[in-house]
1. Determine, yes or no, whether E111 is part of a helix (DSSP H, G or I) and at pLDDT below 95.
2. When R144 is evaluated against the numbered criteria (1) surrounded by 15 or more Cβ atoms within 10 Å (Cβ to Cβ); (2) more than 27 Å from I24 (Cβ to Cβ); (3) among the basic types (K, R), which criterion, by number, is the only one it fails?
3. Report yes if N19 is modelled with pLDDT of 90 or more, surrounded by fewer than 19 Cβ atoms within 10 Å (Cβ to Cβ), farther than 23 Å from K210 by Cβ and more than 22 Å from the chain's Cα centre (by Cα), otherwise no.
4. Could you check region 24-72 and list, in sequence order, the residues that are among the hydroxyl-bearing types (S, T, Y) and at pLDDT 90 or above?
5. Take Q193 and tell me if it is out of contact with any His (no Cβ under 8 Å at 6 or more places or on another chain) and surrounded by fewer than 19 Cβ atoms within 10 Å (Cβ to Cβ).
6. Could you tell me how many of the residues in region 155-203 are at pLDDT 95 or above, part of a helix (DSSP H, G or I) and acidic (D, E)?
7. In region 112-125, what count of residues is obtained for those that are buried (at least 16 other Cβ atoms within 10 Å of the Cβ) and free of Cβ contacts under 8 Å to residues at least 60 places away in the same chain?
8. Would you mind finding the one in V151, V191 that is within 22 Å of D95 (Cβ to Cβ), within 16 Å of the chain's Cα centre (by Cα) and in the same structural domain as K89 (by TED's automatic domain parsing)?
Amino acid sequence: MPESIKNQYKTITQLVVENLRDRILTGQIKPGERINQDVIAKEFNVSKIPIREALQLLKGEGYVLIEANKGAIASIINLEEIDELFALKALIEADMLAASIPLVSDEKLTEAKKIIEQINLASSAQQWSHLNIAYYNCLFSGIRRPQTDEVLSIIKTKIERFNYACFMGINKTKQTLAIYKLLDHCLERKVDQAVDQLKQHLWDTKDEIKALL
């Protein structure tokens, strides 16, 4: 296959991934709902090849299940999955934070404080999620672990669905206070206290999300 066609398919595939992911996140495609490849292909005016590729990628992200003879359906939110994902996130982020705090620059911590102020003004789940990621990127910037970042990115992508679903119900004042407290420990270079605060914040967030779903 010519390289230009490969690139075209990759571009179309990514567009479909982003479109379908957004529909699932916002509830336009509901958990358990079948995703009709013919309909999607017609909508994008393409063959079913990039549609199948997109669904496989979404399967890897946890948004879609693909069953033999049944096709693709939007995955149903599983409470046990939430427990597992948050446990993995806490394990990885606690280790990263402990390693980063002695090395992270004051400038990055100041940037994190400014991001918290933006988080308070976030008007959408997408904006809120992106700002949270930017905040933690500042805290973890003292170290460079590309392989760990890659694994953590997969976990964050899967958790993002729960954040979207619960954006309106989550106590954002409580969330903000928790990350301010975490930042204070980082500014004081108190590694143990910061790690404990991070873990507690993640457990509280997990419990809040589970209660809202």
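1. Spelling it out, it is not the case that E111 is part of a helix (DSSP H, G or I) and at pLDDT below 95.
2. Every condition holds for R144 apart from (1).
3. no
4. S47
5. For Q193, the condition - out of contact with any His (no Cβ under 8 Å at 6 or more places or on another chain) and surrounded by fewer than 19 Cβ atoms within 10 Å (Cβ to Cβ) - is not met.
6. Qualifying residue count, region 155-203: 3.
7. 2
8. None of the others qualify; the one that does is V151.
The values are calculated or read from the model by the stated rules, or taken from the named source; none is laboratory data. All of these numbers come straight from a predicted model, not from anything done at the bench. We place every Cβ from the backbone using ideal geometry, glycine too, and count neighbours over all the protein chains shown.
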